[in-house]
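Down below is the structure, laid out as structure tokens.
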Amino acid sequence: MDEKPTPDDPCSYLQKHNMRVVLNMMFLAGSDTTATTMEWCCLYMMAHPDIQKKIQDEMNSVVGRNRLPQLSDKNNLPYTRAALLEIQRHVTMLPLSDFHTAGNEISLAGYCIPKGATIVPNLYAVMRDPISFPEPDQFRPERFIDENGEYFESGRVVPFGVGRRMCPGENIAKMELFVLFTHLLHRFSLVKPDDVARVTFEGIYGAQFAPKPFTTIFLPRN
Ligand code: HEM
């Protein structure tokens, strides 16, 4: 008989304890990642005032100054989306994603991967691959704009990982980043303080690659 497990069934995955751990995990994995990406966004905008201005000009013409951008504006803001995607590609905040274990022996591209082997997905190598992204070290949002001026996503920008265990928060993270990034640049310009000689992209490797503490000016826009 094929009975559906219930939350009270001790064999079910839907036990209270599991639910608590899953929810906890969603908050843990979902907070710092988005916040750190936003920190990088501030740094990239401060370092590239020309790109920041292009984003703000695009928002001026699509959204105007009388309301904040919203998710439904997304399709009309190709350059803004391209810049956000390029930040995620260029910074590669989780360069080695999460480690996994092969559940079974498998054969991949002629290699035998034994059961129990540790798998380290190298997202950095994928997102800095010069074949997929010519001059990969250059920060260039235009690489995600086609000849008709439309935004396109490359399947090789993989900040959320790949495969079955990829980030389950991808969609919510993309929405959060779009709203935070556009609201921020709609209201403020990020400016390098005069006493900062140059913007540095040095970061700290921990659970994720985070920028070193930095100073910026949030200049209110009219
Ligand atoms: C910019 C934001 C984010 C980035 C770059 C990111 C990236 C990633 C990556 C690379 C993984 C590992 C995937 C793998 O194991 O192959 C992961 C796992 C995970 N992420 Fe995210 N994430 C983000 C936001 C979020 C948000 C907002 C949530 C929840 C609301 C979330 C929940 C999780 C969870 C629960 C896992 C573990 C999944 C598992 O072990 O099967 N993430 N994330």
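The values are calculated or read from the model by the stated rules, or taken from the named source; none is laboratory data. Model, not experiment: these values are computed from the prediction. As a convention, Cβ positions derive from the backbone with ideal geometry for all residues, glycine included, and neighbour counts pool all protein chains shown. Accessible surface areas use protein heavy atoms only, side chains included; no ligands, DNA or RNA. Shrake-Rupley method; radii C 1.70, N 1.55, O 1.52, S 1.80 Å.
Remarks
- Note on exposure: ILE113, ILE217, ILE131, ILE55 ranked by accessible area (1.4 Å probe, complete protein assembly) read ILE131, ILE217, ILE113, ILE55, with the most exposed listed first.
- Cα long-axis angle, helix 16-47 against the chain (0 to 90 degrees, to the nearest 10): 30
- When GLU105, GLU147, GLU176, GLU86 are compared by accessible area of protein heavy atoms, the largest-first order is GLU147, GLU105, GLU176, GLU86, using a 1.4 Å probe.
- Degrees, to the nearest 10: 78-91 long Cα axis against longest axis of the chain: 60
- Average accessible surface area per residue within the chain, 1.4 Å rolling probe, Å²: 64
- Where labels lie 7 Å past Cα in the beta-carbon direction, separation of VAL120 and MET26 in nm: 3.2
- Calculated [θ] (222 nm, deg cm²/dmol) that DSSP helices of n ≥ 4 give over the chain, each run adding -39,500 (n - 2.57): -12500 deg cm²/dmol
- Cα centre as origin, Lys/Arg/Asp/Glu Cβ charges: the range 82-222 dipole, Debye: 340
- The slack between SER12 and GLU150, meaning 0.36 nm per residue of separation minus the straight C-alpha distance, is 45.0 nm.
- A DSSP coil position with no more than 11 other Cβ atoms inside 10 Å describes the following trypsin sites (Lys or Arg not before Pro) in the range 78-182: LYS115, ARG164.
- In the chain, taking the dipole from charged Cβ atoms about the Cα centre, the farthest positive-side position among ASN18, THR37, LEU219 is held by LEU219.
- Put TYR205, TYR79, TYR124 in order of accessible area, highest first, and with a 1.4 Å probe you get TYR205, TYR124, TYR79.
- The chain - percent of accessible surface contributed by carbon and sulfur, probe 1.4 Å: 57
- Pairs with C-alpha atoms separated by more than 25 Å, drawn from the list LYS54/LYS192; LYS115/LYS174; LYS54/LYS174; LYS53/LYS192, are LYS115/LYS174.
- Degrees, to the nearest 10: 49-62 long Cα axis against longest axis of the chain: 90
- The range 191-222 and the range 125-183: distance between their alpha carbon centers, rounded to Å: 22
- Per-residue surface analysis assigns CYS112 an accessible area of about 90 Å², computed on protein heavy atoms at 1.4 Å probe radius.
- For the chain, averaging the sequence separation of C-alpha pairs within contact (under 8 Å, six or more residues apart) and dividing by the residue count gives a relative contact order of 23 percent.
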